[in-house]
Every structure is written in C-alpha cells, then in structure tokens.
Amino acid sequence: MISFARISKQYGRQVLFVDASFQLNPGEKIGLVGPNGAGKTTLFRMIVGEENADEGDVSVPKKLTIGYFRQDVEEMSGRSVLDEAIAGSGRAGALHHELEALQHAMSDPSREAEMETILARFGEVQEEYDHLGGYALEAQAREVLHGLGFDDERIDGDVGALSGGWKMRVALSRVLLGRPDILLMDEPTNHLDLESIIWLEAFLKSLPSALLMTSHDREFMNRIVTKIAEIDSGEITLYSGNYDFYERERSIRETNREAAYARQQAMLAKEQRFIDRFSAHAAKAAQVQSRIKALDKIEKIELPKKRAVVHFDFRRPPRSGDEVATLDAVRKAYGARVVHDGLSMVIRRGERWCVMGRNGAGKTTLLRMVAGVLPPDSGGVKLGASLKLGYFSQQALDVLDPTLTVWEQFQSDFPKESVGALRSLLGAFQFSGDDVEKRIKSLSGGEKSRLVLARMLFDPPNFLVLDEPTNHLDLATKEMLVEALKDFEGTMLFVSHDRTFLRGLSNRVLELGGETGSEAEPHLYPGSYVEYVERTGHEAPGVHT
C-alpha cells in the first residue's frame, strides 16, 4: 500500500532518517513511537506529499484516499458545526454543499433566467449524491459528533464560536467522516474526555481503513494497534504487537544486544592482546596480519541507546488535619443550567478522589470551588486545618513568567536550592541540556504543563487539586508522574481522562451526573477506579464496557 524504501532525510545537522524502510499494508493499524524530534510528523508529511525524502523512494498509490488529522487546526467560521464536519467527507461532502448552494439558487428570483441550467445540475448532483449514500451523511455526521462529545445545540451552532479544543474535535470528525483508505492521526486524544476516547476506540477498531497514529495514551494505543513502528537514531523498526508488547520486546532486544556487545568486546580484547604480544615476532607475523585483517572486517556491535528517564524523590508534604475538605449542600448554576444542587461530601486525609462525569456535569466547577477560585451560589466549602493546597489547571500556566528561561524561572522560584537538585527535578520532567535555556513564551502547551507540575511538586502541598494534569504529557513523563504520586502522602482530588492515571492513583470515585446526565444524583464510590469499573460495568459514566 504505502512503502518507504531506503529513505534518508535531514534538516541541516539534524538527521531524521538514514537508509530507513517501512511499509503500511491495507487494514493495518500501526502505532508510531519515538522520542521528540525523531521524525514522526515528518513521516506523516512525506506520506501526504508535503515533504520529500532526500534519498530513497516514498510510494503512495494515486487512487488511495488519505485522511490526516494534525494538531494545527485551520481557521473555521461561517458554517454550522454539522456543515464543517460534513465538508471533510470526500466527494459526498462536496456534493452535499453543492446541493445546498443549488437549493438557494433555485429560490433566488434574480436567477430565474438560469433556472433550467440550475435544475439540470441539481438533478445530476442529486443522483450522484444518492449513489454515494449521501442522504445518510447527516445522520452519520451527527453520530460522530455526538460520539466526540457534542450536544445537538452545539452541532447546529456556529463553528466559529467554539474554543480551540472543540475545533480540534470538529477537525477530527471531518477526517473520520471521510472514511479514507488510510488514516494518519497525530495525537487524536489530546483534546478528548474519557467518554469520547472510549467512543473513538470503538469507531477506529470498526473501520476497515489502515491507520498510522501517534498517541501519548498507552491504553488507547494498546486497544487499537496491532503493530508498533519505532523511529529512533534514523531507523524505523517494526514490532508485531501492541504498545505493551513493544515495551517488553524492546527491553529483551536491548538485553540481548548488550550481551552480544559484551561478548564481542571480550573477543576483540583477546585478539588485540595476541596482536600486541606477537606484533614484533617474525614467526608470528602472518598470523598477526591475518587477525588484523579479520578484525577490520568484523561489523562492530553498538550498545543500544538508553532513553534517559530521570527519577526524582519528591519531598514529603507536611501532615494535614484528618478532614481536608467538607462540602455542605453546595449549589452552583450558570444561568438556567444547574451543575451542582445540594452536593455534600467529606474528603479525608490520604484519600485520592477521581471525579468522573460527562461534559457539563460540573467536574472542573467542583475543583475550582474546592480550590477557592470560584464561590458556590449557596452551601459551603470548608477546608481543614494545617492545609497547604496546590491547584493545577490549564489556567495555572499563567503563573509562569514568559520572559524568563526555564532555568531562570526555577532559580527565581527556589533561590536557596542547589543547582543539582533543580537540574534533577527538571530532568525528571524531561527538561535537560539546552531545553532549560528555552524562553517560557516559546514552550508548547505540554512543556508549560510539565513546568507547572514540576514547580508544584518540588515543594509539595498536602492537598493536590488537579484538573487534567496529564494533558499533552508524553508517555515517559506521565508514567514518571504516576510513579511519583503513588508514594504521595497527602490527599488528592483530580479529573483525568487517562486510564493509567486513574487506575494508578485513585482510591475513591465521585461520579457526577450518573447515567441520565447532569441532573442525576452524584454517586460516591468508596473504592478505586478499578473497583468502580468492576461494580458499574462502565469505564466512564454511561459508557459500558
């Protein structure tokens, strides 16, 4: 289907591919992995013709349809969300919009002279549209948009009024509706909640299309892909299996290679000792020369490159009182929409509450009220004694000074700390080498999130309130964070769409909205997320496993 044959590619001194080969066959679902800057996006761009290889051949059959979901979304305005989604559905989408234009033309008195031509064209377009199954397109579009978290009001509303995150969902719906032969997806779960991620898993598994995707969501990758293509050090290596299999197999290959390297080094050392010992002996000259030539011909084994994962021992937070937060008959509404009505609960020391709920159920609102940045309309939120609260949200990124470098920010925040301690902390959050000299204003959203989390956890509070802390984090940083917080001795209240995070950290579950939407009673489960899934039969409210 698509093949890369001995390709090479570099930008200046940065070498991405060296004599690399790879093939994507019909129906295959492959996860693309590799460190930042390895060339994952470049591989996508070469498939769609936006980049060319410096050497080698990239073969993409002309008749193939390709859908490419990327992180930079084009401007959207002037259409409803529904029409914008339909616009991406290939030929049928184009005909849908032409039919709409022709219907407007037929009702325009000023175009009466053209009516015969318009009617003839309308008949042609209608016939082709019907042949392509176009009349089912609107229903399919609504189904996809509902799956991605849109309600009917938003679907029929102006796409231009949406936030960047919701526009990303519209862009995703366009690609999915096109049902192309090949789907290229760059981090499709970045702006999705758990319910939408679970829906997308099922949708992608049901598609006959071939799929090549990157994702920082281990669970999502495990459930969809059957192969992993790893880009590293200019090579593309294929592993048959999901992400967990890839990690195990990669570790085995590294161990085998290290053993082979040790054996070869011992053999080379032995041969070199013979050469050094007898190089001056005339009787052994032929043997010495023979061994020198043999050593020159041996292909040297290189040690596998280890990906640096820095572990950081976070400090123990001060002990809080037994009752950390008490919510008493809390009510909160936005206009006519009531999100909390009489919510009461007690959060005790050592508890780790994950908050579940569909869009609009009030998850972020609850966290903001507990953190003290949003007052309830009635009822009370009381925080306990000896409490040091740390609140993370996407708005928390504003605490960073955009004019400083990463290193200057940390020196400013922790002027009495040693250089070694600060570098160790930054390394644990994937800031090393020249990264610490980057200006904060030039950092990506994910890099800023890592920085804010690092600042918060260096001198940890005893009550963490975290709203989507894993958004934009890569797998290595996400798993380091889970490991670090497993030993956290304080209390947590958090929202996350990452099941690794939910399973690894929660010991209590608050479900808002229940099965029937935001008006249903909240449910408090005195157990972990794993126990919640076993008891309720769903991984997220209303989504059955």
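Every number here is computed from the coordinates shown, using simple stated rules; none is lab data. Bear in mind the structure is a predicted one, so any value in this text is a computation, not a measurement. Positions of Cβ are generated from backbone atoms using ideal geometry, with glycine treated the same way; all protein chains shown enter the neighbour counts.
Brief remarks follow.
- Local electrostatic count at Ile198 - Lys and Arg +1, Asp and Glu -1, tallied over other residues with Cβ under 13 Å: -3
- Straight-distance candidates among the lysines for linking to Lys300, with alpha-carbon spacing under 25 Å and chain neighbours fewer than 8 residues away dropped: Lys9, Lys270.
- Under conditions of 10 °C and 1.306 mPa s, the range 323-544 yields 86 µm² s⁻¹ as its translational diffusion coefficient, taking Rh as the Kirkwood radius over Cα pairs in the Stokes-Einstein equation.
- Residue (of Leu95, Phe150, Ser110) at the positive-pole extreme of the range 78-163, dipole from beta-carbon charges: Phe150
- Taking other residues whose beta carbon is less than 15 angstrom from the beta carbon of Arg70, and scoring Lys, Arg as +1 and Asp, Glu as -1, yields -2.
- Asp232 long-range amide H proximity, modeled H, under 5 Å: Thr237
- Positive-end extreme of charge dipole, the chain - chosen from His497, Gly357, Gln272 (charges on Cβ): Gln272
- R0 of 35 Å, Cβ-Cβ distance Glu489-Asp152: FRET efficiency to nearest 0.05: 0.15
- The range 219-264 versus the range 49-106: alpha-carbon centroid distance in Å: 35 Å
- The computed Rg and Dmax of the Cα atoms in Å for the structure shown corresponds, within [x] 24.0, 82; [y] 23.7, 77; [z] 28.6, 109, to [z].
- Residue list for the range 424-446, given a label point 7 angstrom along the Cα-to-Cβ vector of Gln14 and an amide N cut-off under 13 Å: 435
- Karplus (6.51, -1.76, 1.60) ³J(HN,Hα), θ = phi - 60°, over the range 229-244, in Hz, Gly and Pro reported as x: 10, 9, 9, 7, 6, x, 10, 10, 10, 9, 10, 8, x, 7, 5, 4
- Farthest toward positive dipole pole in the range 78-163 [+1 Lys/Arg, -1 Asp/Glu at C-beta], among Leu162, Leu82, Leu119: Leu162
- Amide hydrogen proximity for Lys227: with H placed 1.01 Å from N in the peptide plane, the residues at 5 or more positions away or on another chain lying under 5 Å are Lys29, Gly31, Gly241.
- Computed about its Cα centre, the charge dipole of the range 311-377 is approximately 240 debye, with only Lys, Arg, Asp and Glu carrying charge at their Cβ.
- Separation of the range 18-32 from the range 155-212 is 22 Å, based on Cα centroids.
- Per-residue 3J(HN,Hα) values for the range 429-444, derived from phi via the Karplus relation 6.51 cos²θ - 1.76 cosθ + 1.60 with θ = phi - 60°, read 9, 6, 10, 9, x, 5, 4, 6, 9, 5, 6, 4, 5, 9, 6, 6 Hz in sequence order (x marks Gly and Pro).
- A simple charge model with +1 on the Cβ of Lys and Arg, -1 on the Cβ of Asp and Glu and nothing else charged puts the dipole of the chain at about 3040 debye relative to its Cα centre.
- Over the chain: helical MRE at 222 nm, DSSP H runs n ≥ 4 each giving -39500 (n - 2.57), nearest 500: -12000 deg cm²/dmol
- Reach of Lys486 by Cα under 21 Å, taken over lysines that are not fewer than 8 positions away in the same chain: Lys388, Lys478
- Counting neighbouring Cβ atoms within 10 Å and putting the fewest first, the residues Val373, Val482 line up as Val373, Val482.
- Proximity of backbone amide H atoms, modeled 1.01 Å from N, is registered between Ala333 and Val339, Asp377 at under 5 Å, excluding neighbours fewer than 5 places apart on the same chain.
- From the alpha carbon centroid of the range 416-454 to that of the range 471-541 is 27 Å.
- Working note: Karplus 6.51/-1.76/1.60 with θ = phi - 60° gives the range 180-192 the couplings x, 5, 10, 9, 10, 10, 9, 6, x, 8, 4, 10, 9 Hz, where Gly and Pro are set to x.
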